Amino acid sequence: MQRREQQVNRTLPKTASTPSRPASWATSEAIRKTMLGSRSRDTRPELALRSALHKMGLRFRVAVAPISGSRRTADIVFPRDRLAVFVDGCFWHGCSEHYVPPVANAEYWIPKIERNRQRDRETNVILAKADWQVMRIWQHETIESASMRIAERLGDLRPKKTE
Ligand SMILES: [Zn+2]
């Protein structure tokens, strides 16, 4: 989640116009609602996932930067395990299964989503270089699947207790 960018986005549909073929009010309003819907849906899987992890007895930090001083925050962070988990919205992060580039204001949205994807790739590299493990969970993934994947990864990272 990139809260700062979302704040910026909120004002953008007004300014991003298509001079040759202006979108009607109804169309831009429909798109605006779709965007808002996508955004609010971004947070719900994350909350459900956090709740599921908590029930599994896992403890973590939320929305912190794994690398101190960096502005690249991860959604769920296990500091001791050096595991950073991102919950990526299908629209904002360009999921290959569900992301459909918007037709209206395409010249704005397509590069915008591509920049998000690029930033995600950069973040993965930055964290990996700093010896962090990165997991990306898609918004469309089930909570059960996501929480199991995280638990398994933690199991791999944590030293095994020997009898
Ligand atoms: Zn998806």
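Here are some notes:
- Within the range 125-156, tally of residues that are touching a residue at least 12 places away in the same chain (Cβ under 8 Å) and either part of a helix (DSSP H, G or I) or surrounded by fewer than 16 Cβ atoms within 10 Å (Cβ to Cβ) (or both): 14
- Test set (1) assigned to a helix (DSSP H, G or I); (2) polar (S, T, N, Q); (3) within 16 Å of the ligand (Cβ to nearest atom) - SER96 fails condition number: (1)
- Looking at GLY37, GLY69, just one residue is within 16 Å of the ligand (Cβ to nearest atom), surrounded by fewer than 12 Cβ atoms within 10 Å (Cβ to Cβ), at pLDDT below 95 and not in a strand (DSSP E or B), and that residue is GLY37.
- Residue pairs whose Cβ atoms lie under 8 Å apart, sitting 6 or more positions apart in sequence or on different chains, and linking a residue in the range 92-114 that is free of Cβ contacts under 8 Å to residues at least 60 places away in the same chain and within 23 Å of THR43 (Cα to Cα) to a partner that is within 16 Å of the ligand (Cβ to nearest atom) and among the hydroxyl-bearing types (Ser, Thr, Tyr), are HIS93/TYR99; ILE113/TYR99.
- Odd one out for VAL103, checked against (1) more than 16 Å from the ligand (Cβ to nearest atom); (2) at pLDDT 95 or above; (3) out of contact with any Gly (no Cβ under 8 Å at 6 or more places or on another chain): (2)
- Evaluation of GLU122 against (1) surrounded by 18 or more Cβ atoms within 10 Å (Cβ to Cβ); (2) away from the ligand (no atom under 16 Å from the Cβ) (one fails), failing number: (1)
- Residue in the range 78-92 that is within 16 Å of the ligand (Cβ to nearest atom), over 19 Å from ASP156 (Cα atoms) and either in a helix (DSSP H, G or I) or touching a His at 6+ places or on another chain (Cβ under 6 Å) (or both) present: yes
The values are calculated or read from the model by the stated rules, or taken from the named source; none is laboratory data. All values derive from a computational prediction rather than experimental measurement. When we count neighbours, we look across all protein chains shown, and the Cβ atoms used for this are built from the backbone with ideal geometry, even at glycine.
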